[in-house]
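Below is one structure; the comments refer to it alone.
What follows is calculated from the coordinates using simple rules that are stated; it is not laboratory data. Given the structure is predicted, the values throughout are model-derived calculations rather than measurements. Cβ atoms come from the backbone with ideal geometry, glycine included; neighbour counts cover every protein chain shown.
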Amino acid sequence: MLQLQTSGQTVVRYVSYLTGNLVLDLAALSWLAAQLLKVVINLCVHGTMDIRLALSSGGMPSSHSALVCATAMAVGRLQGFSSVSFALAAVLALVVMYDACNVRRAAGEQAKVLNRILESWEDISPELLGEELKELLGHTPLQVLMGAILGCCIGWFGVQLYG
């Protein structure tokens, strides 16, 4: 519970909802919101309800970006945007978003190619085939941007409401 002292009075603004830490709670909320938005967006765009998307990586919006941006924004709002804590959170957010756009996305593209190659090989033994490689690993820059915006909004307004 976060308690604030004003003129000798103790004012409680944040009640421990999940972890007891406002920054962690807002990060978890932004991740959850992004994951649920994936299901809703898929329903609107493709007309199918795929609840598995709520636990998958990749897709619109990026839940990784939402999580790290909510963390950075909340830390910045609570401790100041010139604090060392904010600098660390911001650098972490940039690394995660870069990775989502580049490294993980490239791995997903390679998985697509390998899956197509394996589909066309008739002489390959069945035990080598196994399960298909996961192709939806990374994000497009737009998916990362939308996740970042979602996370920043939740971090900003969450601190506004509870911090």
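Label points 7 Å out from Cα along the Cβ direction at Tyr17 and Leu142: separation in nm?
That separation, rounded to one decimal, is 3.0 nm.
Let's test the formula: R0 of 45 Å, r as the Cβ-Cβ distance of Asp50 and Val84. What FRET efficiency results, to the nearest 0.05?
It comes to 0.60.
By counting other Cβ atoms within 10 Å of each Cβ, how are Cys152, Cys44 ranked from fewest to most?
Cys44, Cys152
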